[in-house]
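First the structure, in the form of structure tokens, and then the observations on it.
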Amino acid sequence: MRLSALRIENLRNIESTQIEPGPGLNLFIGANGAGKTSLLEAIYLLSHAHSFRTRRGELLVRTGQAGATVFGEIESAAGRRRLGLQQAAGRWSARVDGQLVPGLAEAIRHCAVVCFEPGSHALISGASEERRRFLDWGVFHVEHEFAAIAGRYRRALRQRNALLRTGTRPEDLQVWDDALVAAGLPLSEARLRYFGRFKSFAEAQLTALLPELGAPILKVSSGWGGADDAQATLAASRLVDLQRGHTTRGPHRSDWKLAFAGAARREYFSRGQEKLCAIACMLAQAEIYHADHAEWPIMVLDDLPSELDAAHQTVLLEMLLARAGQVFMSSTELPPALQALSAPMRAFHVEQGRAFVLL
């Protein structure tokens, strides 16, 4: 998969700029605050419909402007697509090949971007919501009905929570328990299928990047048990749910965890090890996408030189370049690891929200 053209208007500190990225490594070089990360956010938006720094789209709009626009041309095995995302009044709208589409999922399914950025360690050390979102993005690109399945579950969950806040009788919850199970079981099953594959790919990447920690151990919990005890789990939690005013068990509470034979808890990881774990997970997700689509997703790396030491930078870049996919990096200067590798690339100088070709 390749991003062949990118145009941005009124995103963060970018008033208007456009670039034609190269098919391999693309490097954005500039001072802090020049707009390098904003360019990477725009690329990420085309795949996720939110930034990796915030889920509030209105915060991405340049000060004093009514909205922001990101346009990209995507070339993939499925053909060429022109994707457009527009943020206005706190809402995103999307177009594919110039036509307005009813939901964002219809647009972002045409673009796949995996990302490592300064906050990626939260995938390992942060809340379970981060890990659910990570897993769900992977499922979304494997199972085409997943967006609809997840939407049905969210609606059923909102309805059950609304009833819980009214102080209803426990027995009156049965109809919404049924609805939650009907919507939630397919969601749980899709996640578990994907996690089984992710576990295998991630173990290989973790072993390569963190051999000193021993064998990796990945486990997943569905949030309410299996198909046979989902109903019983909801029934048993009714009194607690009524006291708290929300549903405490279900796929919205699922999680997956990572440990090693030599580090039984994530609290034992250094910050550097957390980052390497996040990179391994990113690479595993890219490997799965490649296995399913016969092409690599676009890979985004924000401020890599400040996040990893030189040795690990070199290892990661060698792994990425060996995959022959399109890579976008940001840095304040040409990273020494790239100089040592002598990798072919297209470099852009970023200044005051505009990008100019250097190489």
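Quick look at the values:
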| read-out | value |
| --- | --- |
| Qualifying residue in segment 72-79 (condition: of a type outside the set (Val, Ile, Thr), assigned by TED's automatic domain parsing to the domain that holds Pro335, assigned to a loop (DSSP other than H, G, I, E, B) and under 24 Å from Leu317 (Cβ atoms)) | no |
| Residues satisfying the stated conditions in segment 34-56, i.e. among the β-branched types (Val, Ile, Thr) and surrounded by fewer than 15 Cβ atoms within 10 Å (Cβ to Cβ) | Thr54 |
| Selection from segment 296-312 of residues that are surrounded by fewer than 17 Cβ atoms within 10 Å (Cβ to Cβ) and either in contact with a Leu (Cβ under 7 Å, 6 or more places away or on another chain) or not in a helix (DSSP H, G or I) (or both) | Asp309 |
| Subset of segment 1-33 that is under 19 Å from Pro335 (Cβ atoms) and in contact with an Asp or Glu (Cβ under 8 Å, 6 or more places away or on another chain) - its residue that is surrounded by the most Cβ atoms within 10 Å (Cβ to Cβ) | Gly30 |
| Some residue of segment 310-333 being within 19 Å of Ile74 (Cα to Cα), free of Cβ contacts under 8 Å to residues at least 40 places away in the same chain and under 18 Å from the mean Cα position of the chain (by Cα) | no |
| Filter result (within 14 Å of Glu212 (Cβ to Cβ) and of a type in the set (Phe, Trp, Tyr)) within segment 256-284 | Phe260, Tyr268, Phe269 |
| Residues that are among the small types (Gly, Ala, Ser) and either within 13 Å of the chain's Cα centre (by Cα) or more than 18 Å from Leu206 (Cα to Cα) (or both), drawn from segment 279-301 | Ala284, Ala286, Ala291, Ala294 |
| Residue satisfying condition, being part of a helix (DSSP H, G or I) and modelled with pLDDT of 95 or more, within set Ser38, Ser16 | Ser38 |
| Wholly enclosed helices (runs of 4 or more DSSP H) of segment 164-250 bearing at least 1 residues out of contact with any Lys or Arg (no Cβ under 7 Å at 6 or more places or on another chain), in the same structural domain as Tyr153 (by TED's automatic domain parsing) and of a type in the set (Asp, Glu) | 174-209, 238-244 |
| Yes/no for Ala78 being free of Cβ contacts under 8 Å to residues at least 40 places away in the same chain and either within 19 Å of the chain's Cα centre (by Cα) or under 18 Å from Gly325 (Cβ atoms) (or both) | yes |
| Given (1) surrounded by 15 or more Cβ atoms within 10 Å (Cβ to Cβ); (2) small (Gly, Ala, Ser); (3) more than 20 Å from His293 (Cβ to Cβ); (4) in contact with a Phe, Trp or Tyr (Cβ under 9 Å, 6 or more places away or on another chain), number of the condition Ala215 does not satisfy | (1) |
| Counted residues, segment 320-346 - those being surrounded by 15 or more Cβ atoms within 10 Å (Cβ to Cβ), among the aliphatic types (A, V, I, L, M) and under 17 Å from Met282 (Cβ atoms) | 4 |
| Single match in Asp136, Asp172 (criterion: free of Cβ contacts under 8 Å to residues at least 12 places away in the same chain and not small (Gly, Ala, Ser)) | Asp172 |
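Yes/no per residue for (1) farther than 23 Å from Met1 by Cα; (2) exposed (fewer than 13 other Cβ atoms within 10 Å of the Cβ); (3) modelled with pLDDT of 95 or more; (4) not basic (Lys, Arg):
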| site | (1), (2), (3), (4) |
| --- | --- |
| Leu83 | no, no, yes, yes |
| Gly98 | no, yes, yes, yes |
| Cys111 | no, no, yes, yes |
| Ser125 | yes, no, no, yes |
| Arg131 | yes, no, yes, no |
| Glu145 | no, yes, no, yes |
| Leu173 | yes, no, no, yes |
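The values are calculated or read from the model by the stated rules, or taken from the named source; none is laboratory data. These numbers come from a predicted model, not from an experiment. A quick note on method: Cβ atoms are made from the backbone with ideal geometry, for glycine too, and the neighbour counts reach across all protein chains shown.
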